[in-house]
Amino acid sequence: RKDAIKKMAKHPLARAFRIDKLTLAGIEATLRLYLDGRHEEIPVWRSISRPMEEVKRLADLVARGHKGARVEPGKTEIGGGSLPGATVPTFRVGLTGNPEDAAVRLRSRAVPVVGYIQDGTFWLDPRTADEEECAAVASYI
């Protein structure tokens, strides 16, 4: 209704919730990729659809940097708000040693590396990383 829209437009928070031109341009560019059938150029879809052979190769690359690391199948959570609980298969790298120490050491790097601790093991999931990033992580660990 026009009266409700007019009332909202005058509200002090209306300015805080208005999106800027850069945000609008980003939304438009993303929607154009969908319309053009080029959704694989959107980073999240590229990561989700990455072939398992490629994920395994990247996990092996990361594991080479840590003596005793193991590569195992796992699951990647692909969404919080938009896809809660949804997962895709992945390969992950488990580091031996104290998982808390590994987490702190890797998060403290100039370029932080974030993994997760599960069942007493510190895990890294390369599904969203590129080859150069995985090589750099291998040299960190």
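A few notes on this one:
- The mean of 1/r over all distinct Cα pairs in region 45-95, once inverted, gives the Kirkwood hydrodynamic radius of 11.7 Å.
- Net charge over other residues, Cβ less than 12 angstrom from the Cβ of ARG38 (K, R count +1; D, E count -1): -1
- Note: relative contact order over region 66-141, using C-alpha pairs below 8 Å and six or more positions apart, is 27 percent.
- For THR76, neighbours were defined as the other residues whose beta-carbon sits under 11 Å from its Cβ, and their charges (Lys and Arg +1, Asp and Glu -1) total +2.
- 19 Å reach of a label modelled at MET52, 7 Å along Cα-to-Cβ, counting backbone N of region 92-133: 92-94, 124-129
- Magnitude of the charge dipole, the chain, Cβ model with Lys/Arg +1 and Asp/Glu -1, debye to 20: 940 debye
- Among 92-100, 69-77, the order from most to least packed when residues are scored by Cβ within 10 Å on average: 92-100, 69-77
- Charge-dipole axis of the chain as Lys and Arg at +1 and Asp and Glu at -1 on Cβ define it, positive-most pick from SER49, GLY74, GLY37: GLY37
- Segment ASP36-LYS21, extension gain: residue separation times 0.36 nm, minus the distance between their alpha carbons: 3.2 nm
- Three-way shape label, region 67-141, alpha-carbon gyration tensor, a/c 1.5: prolate
- Amide H contacts of THR76 (H built 1.01 Å from N, under 5 Å, at least 5 apart or other chain): VAL88, THR90
- Residue-normalised accessible area of region 75-141, given per residue in Å² at a 1.4 Å probe: 57 Å²
- Here LYS10 is the anchor, and the lysines within straight C-alpha reach of less than 22 Å, apart from those fewer than 8 places off in the same chain, are LYS2, LYS21.
- Cross-link partners for LYS75 among the lysines, with Cα-Cα distance under 29 Å and sequence neighbours closer than 8 places in the same chain left out: LYS56, LYS67.
- Annotation: peptides 57-66, 28-37, 128-137, 112-121, ranked by per-residue average of other Cβ atoms within 10 Å with the highest first, follow the order 57-66, 128-137, 112-121, 28-37.
- Compactness of the chain - radius of gyration and Dmax, Cα, Å: 20.6, 68
- Note on region 68-141: with charges restricted to the Cβ of Lys and Arg (+1) and Asp and Glu (-1), its dipole about the Cα centre is near 120 debye.
The values are calculated or read from the model by the stated rules, or taken from the named source; none is laboratory data. Everything numeric in this text was worked out from a predicted model, so none of it was measured. Please note: Cβ atoms are built from the backbone with ideal geometry, for glycine as well, and neighbour counts cover all protein chains shown. Just the protein is used for accessible areas: all its heavy atoms, side chains included, with ligands, DNA and RNA removed. Shrake-Rupley method; radii C 1.70, N 1.55, O 1.52, S 1.80 Å.
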